[in-house]
1. Of the residues V296, V222, V192, V208, which is open to solvent by less than 60 Å² (accessible area, probe 1.4 Å), under 30 Å from R166 (Cα atoms) and among the β-branched types (V, I, T)?
2. Which residues, counting only those in segment 392-408, are open to solvent by 10 Å² or more (accessible area, probe 1.4 Å) and touching a residue at least 60 places away in the same chain (Cβ under 8 Å)?
3. Might you check whether a residue that is out of contact with any strand residue (DSSP E or B) (no Cβ under 9 Å at 6 or more places or on another chain), loosely packed, with under 15 Cβ neighbours inside 10 Å and not polar (S, T, N, Q) occurs anywhere in segment 323-339?
4. Residues to consider are K444, K431; find the one that is out of contact with any Ser or Thr (no Cβ under 6 Å at 6 or more places or on another chain), open to solvent by 60 Å² or more (accessible area, probe 1.4 Å) and not β-branched (V, I, T).
5. Of (1) within 21 Å of P267 (Cβ to Cβ); (2) within 26 Å of the chain's Cα centre (by Cα); (3) not in a helix (DSSP H, G or I), P363 satisfies all except one. Which?
6. For residues that are crowded, with 24+ Cβ neighbours inside 10 Å and modelled with pLDDT of 95 or more, scanning just segment 492-518, find the one that is farthest from G455 (Cα to Cα).
7. Which of the numbered conditions does A95 fail, given that it passes all the others? Conditions: (1) at pLDDT 90 or above; (2) surrounded by 13 or more Cβ atoms within 10 Å (Cβ to Cβ).
8. Kindly provide the set of residues from segment 38-85 that are among the polar types (S, T, N, Q), open to solvent by 40 Å² or more (accessible area, probe 1.4 Å) and modelled with pLDDT under 80, ordered by number.
Amino acid sequence: MRWRYLPFYLLLIFSFWFLIIRLIDLTVVRGGYFRDLSEGNRIQEKFIRAPRGIIYDRHRQVLVRNTPVYKKCDAGNQAGRRNDCQVISREEALAMETKGGTEAGRLITDLKREYPWGGILAHVLGYIGEVTDKELDAESLKSLDYKLGDLKGRTGVEEQHEKTLRGVDGKELIEVDAAGSKLKTLGKIEPVAGEALDLTIDLNLQKVAADALEGKTGAVLVSQPQTGEILALYSSPTFDPNEISQKTLEDLEKPMFDRTISGLYPPGSIFKIITATAGLETGKIDKETLVEDTGVITIGPYKYPNWFWLQYGKTDGLLNIVTALKRSNDIYFYKVGEWVGVEKLAQWAGKMGVGKILGIDLPGEAAGVMPTPEWRKKTRGDEWYLGDTYHLAIGQGDLQVTPLQANFWTNVIANGGKLCRPTLLKNQDCKDLGLKKETIGLIKEGMKEACSTGGTGWPFFEFKVQSSEFGERKISVACKTGTAEYGDPQNKTHAWFTVFAPLPAEKSAKAAPADEPELTITVLVEGGGEGSNVAAPIAKKILEEWFNR
């Protein structure tokens, strides 16, 4: 009978020795491994987000700042760097912290970028977004110690100055109990905040520019001609950098497209500033050169009319360079283009910034197109004809420029012949083009006349500003209007206006002359119509704000 219990005894003996062997394995053979594992479960590494640098305008008004954001993360995600974290309110965060234990261990305090002025500064500042898997594999980011979920600048100043603004994240090594409650801090590396940036932007002017362009598609640029500093840069339509969504990215109106530095357009008659410069600098014209406005120039089957003839059936008679600029006379500039020739015209356009990157400290600047016979042959396989030179001389044809370029070739005349690099950070970098004083003087006089009675810039005739401190003052300005055809089936035209303004009267002896410019404004309204009717009033609002204060 005893033999029937033998299997039971054998099983008992086998189980005993199995447990002994297992115990030896856990405590002796792999004991160190499990002790490390146990310790690791009690020690956690918590990342501390470094605050990004604050961005200010030229008067130290805050343009972008950091605000705390609270996240409830999955267990073990102490960095708050993945999608397994949920944003919660401050009240919920306080409740979790009070409760303690595992719940408190899931709480992360992070930082959120806040843009208090929304779309008004969207194209200047840009926005931030999480680094993606694809970006982590890019060579350009490998050396910067990014991790999945880190925040990185997207467009604007946020992207351009990422290294300056980013800062260095900190770490905290903490010991927790079995419930996940923090017992003590074992070590801590404090985060290093990013550097602050002081931009040249004038927030008040930026607001006026945004308000003046509201409801229109286009761009406004305001700069200081002597330094190249950008005071306002506004593209419309715009977007809210606080709320970037897929809908924003796919919007057919392209609100994220920066028309000030990336948009390419035929400039129309504002290009006559460059044609006049080329004519005077090459000696093909001078102050005595006269051209008779015949209404139309005919070459074979082709006709090249003046705008005044097309609209009213009238001519301007004999014109010199000053009256030609005043009246924006196409016939005069057709002939200047013919005398100078396309090659020299392209050469001078290049010197004044056309067809090249000017180097503004923002990503996405376009170079544009400066057409030449070689360019035409290479891109289209076509020959260049005299009619093409005529079109080029008045800013039409294949010519494509950015509003930024138009603003800065206006600056060349305003500041006495220097092409400055556009900047948002007060880094003055100007090159003297060596223009003759007579060239500058004649073009300034013509532009001044364009904004005087009988010129094309009628909104600025007898331009005056009113302030409580100085009363009514007359401000002398120098301007050029532009109305550019762009092949629209409904014959719409782009409206251009570029103007530079003097020192206010209280800073000079009398009403300030236009040879003491303080700022340059360039306005583009896509498909807006006449430059004088649509773009000029926008520039006028900005100048009124500038001088009234």
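1. Values: V296 fails: under 30 Å from R166 (Cα atoms); V192 fails: open to solvent by less than 60 Å² (accessible area, probe 1.4 Å); V208 fails: under 30 Å from R166 (Cα atoms).
Residue meeting the stated conditions: V222.
2. I394, Q396, G397, Q400
3. no
4. Numbers: K444 fails: open to solvent by 60 Å² or more (accessible area, probe 1.4 Å).
When all the criteria are applied, what remains is K431.
5. For P363, the exception is condition (1).
6. In this case the residue turns out to be H494.
7. Here A95 meets the rest and fails (1).
8. Hits for segment 38-85 are S38, N41, Q44, N83.
The values are calculated or read from the model by the stated rules, or taken from the named source; none is laboratory data. Because the structure is predicted, anything quoted here is derived from the model rather than measured. Because the Cβ atoms are built from the backbone with ideal geometry, glycine has one as well, and the counts that use them run over all protein chains shown. Ligands, DNA and RNA are excluded from the accessible area calculation, which covers all protein heavy atoms including side chains. Shrake-Rupley method; radii C 1.70, N 1.55, O 1.52, S 1.80 Å.
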